[in-house]
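This report concerns only the one structure given below.
The values are calculated or read from the model by the stated rules, or taken from the named source; none is laboratory data. Everything numeric here is computed off the predicted structure, so don't read it as measured data. Neighbour counts run over all protein chains shown; Cβ positions are idealised from the backbone, glycine included. Side chains included, ligands, DNA and RNA excluded: accessible areas come from the protein's heavy atoms. Shrake-Rupley method; radii C 1.70, N 1.55, O 1.52, S 1.80 Å.
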Amino acid sequence: MSVVQSDWVKLTRNEFVNVNDLTVEAILGGQMTIMYIHHLLNKNEYHQVITAFTQDSDSNIALNRLMSVWNPLQGHNEQDMLAKISEHIVNGDIVGVYNNQVGMINSGAASFRSIQSSAKENVITGPHDAFVESAEINASLIRRRIRTPKLKGIKYNIGKDFPFYAYLFYVEGVAEEDVISEACTRMQNLHMREVLDGNEVAKQMDDTPFAVFPQWIGTERPDSVTQYLLNGKVAIITDNSPTVVVAPVNFLDFFAVIGDNYERWHFSRFIRFLRLFAFTLTLMTSAFYVAVTTYHYQFIPPTLLETMITSRLRVPFEPMMEALLMEGVIEILREAGARLPTKIAQTIGIVGGLVIGQAIVQAGLTGNVLIVAVASSALASFIIPNYTLETSMRALRFINIVLAGLMGYFGIVIFISLIITRLCHLRSLNKEYIDLSYFADFFFWSKEKRPRSVVQKSYFRRGGRS
């Protein structure tokens, strides 16, 4: 092969274009060039070999010491050689070029955090590692799962008053060019005074900033981000934050978790149906109770109607005020449990659910039937796996109750129509928020896991499958 040293470095740079964490370093006065990804580098190995050997005053002795621990790389042709160089670099090794010779040192053991599960996303089946508050470690967790130079990571300074760095990751050849271009443009134009979490970055990059529904998915699980990247999405990693945000997203993405892929398909399909049912339940149960008891009591079976009348004999409030009161108490208890220490929060939950609930009924402030409706609605909201969407549902539930109290079933129909219209209007990185073609993949009716609205069409022409 008639490729000189500078050509190997240039060819490798071209192979890793838009990979900002690739380091190309000249040592021994420029006689040797080493290349590695610093996120994956074992710093101790680097200092024991590269730094210690190159500190020798005699460059020839230092070079001989380096060559003694060097493993030469050989390839049948230029493309085969580049593939081997890329493979070693993405595995965390140090690749060096000297006098038209290419070699490597095993160093694929970067400082790795102890295994710890995410505090926000519980894991039943699958990997138990989670992101931490270091962008470099988070990037290494992703690169350990997608070991290819096609995984691009572009570094941006998004700080306004002082430097603050974020990384945009995507898989070249899978994500659509217009998605990548739009994400890059927004990152280049993003300048924030303070960045305390990745979710703050996501809010600044929303297509519709004042929308109730989230347009980015935040996750602390590396396997989730890996799946999203392989499905044609882009991910943003920010320093000092364990949350990685992903877009463009489909509305159904908020009801899917990576653990579903690890289970048998029939159970995963059932649990996703259950989440959608719980989403409907948490929005409609209390509002339906208000509408029925206020305007449409003729639809209630006589036996149940007698029970409801008996339970409401001592209640001084209208059904709408009664429902708003109980939903407000539930929200107060929920926030109290979330903010207090764990052991105290468990006590608050038991006291609030049993003692306070029973006391409210005995005091005649609400009826037993409403307690069942509100409790069912609250429990259903916990099934939604995405916390941001869950909080949005909690706020919308109050609006639905008010409309049901003012207009009955007609108010509920107006609420549903507004929700559907809004969802169809929303965009995430200029991509549709509602995509009907994704239903088959969501319910495991199709083997294709990559939404056609996001992934490059040329990928499907090549017959790719996840």
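Quick look at the numbers
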{"item": "Cα-only Debye scattering, the range 135-249: base-10 log of I(q)/I(0) at q = 0.09 Å⁻¹", "result": "-0.21"}
{"item": "Accessible area per residue in Å² at 1.4 Å probe, computed on the chain", "result": "49"}
{"item": "C-alpha center-to-center spacing [the range 222-286, the range 288-327] in angstrom", "result": "36"}
{"item": "Overall dimensions of the chain as given by Cα atoms, namely Rg and Dmax in Å", "result": "28.2, 99"}
{"item": "Mean projected area (nm²) of the alpha-carbon convex hull when the range 261-434 is viewed from all directions", "result": "12.9"}
{"item": "For the chain, size of Cβ-based charge dipole, Lys and Arg +1, Asp and Glu -1, in debye", "result": "880"}
{"item": "Positive-end residue of F16, I94, G232, charge dipole of the chain with Cβ unit charges", "result": "G232"}
{"item": "Angle in degrees between helix 409-425 and the longest Cα principal axis of the chain, rounded to the nearest 10", "result": "10"}
{"item": "F270 - accessible surface, heavy atoms, 1.4 Å probe, Å² rounded to 10", "result": "120"}
{"item": "19 Å Cα-Cα threshold exceeded, pairs from K84/K233; K120/K233; K233/K431", "result": "K84/K233; K120/K233"}
{"item": "With eigenvalues of the C-alpha gyration tensor scaled by 5 and rooted, the range 5-105, Å", "result": "21, 15, 12"}
{"item": "Heavy-atom accessible area ranking, 1.4 Å probe, most first, across E45, E327, E318", "result": "E318, E45, E327"}
{"item": "Carbon and sulfur %, accessible surface of the chain computed with the full protein complex present, 1.4 Å", "result": "58"}
{"item": "Accessible-area order (highest first, 1.4 angstrom probe) of the listed residues H296, H47", "result": "H47, H296"}
{"item": "Accessible surface ranking that places the most exposed of S417, S241 first, with a 1.4 angstrom probe", "result": "S417, S241"}
